[in-house]
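Just so it is clear, none of the values below were taken in a lab; they were calculated from the coordinates. Please read these numbers as outputs of a predicted model, since none were measured by experiment. Please note: Cβ atoms are built from the backbone with ideal geometry, for glycine as well, and neighbour counts cover all protein chains shown.
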Amino acid sequence: MRRKRQNERERKQKAAVIRQTETTHMAERKPDEKALADFHRPAYQARKMVQVQGEQIEHKSVAEYLAERYKIGVDASGQSKA
């Protein structure tokens, strides 16, 4: 039991040292240009893309969509019934 606690303490200390050295290295090096540009890109660009696609979609009422989808009001030859 005592050995297990000592191993756990050693692992935590080693992890803390690794984290410290990694952050030190990160602070010393300049990030590459692509990473920097990606970081400064506006978040959630997908929202605008979905909005634009939504504007491109043909707008129909529910009844019109269902009539087209299930061919309601259309005979076997594709001609609309009147």
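In plain terms, the chain from residue 72 to residue 59 could stretch by 2.9 nm, reckoned as 0.36 nm per residue minus the Cα-Cα distance. Is the stretch 13-52 best put as rounded, prolate or oblate by its Cα gyration tensor, with a ≥ b ≥ c the root eigenvalues, rounded for a/c under 1.5, and otherwise prolate when a/b is larger than b/c, oblate when not? Here the stretch 13-52 falls in the oblate category.
The calculated FRET efficiency for the pair residue 9 and residue 37, based on their C-beta separation and a Förster distance of 41 Å, comes to about 0.45.
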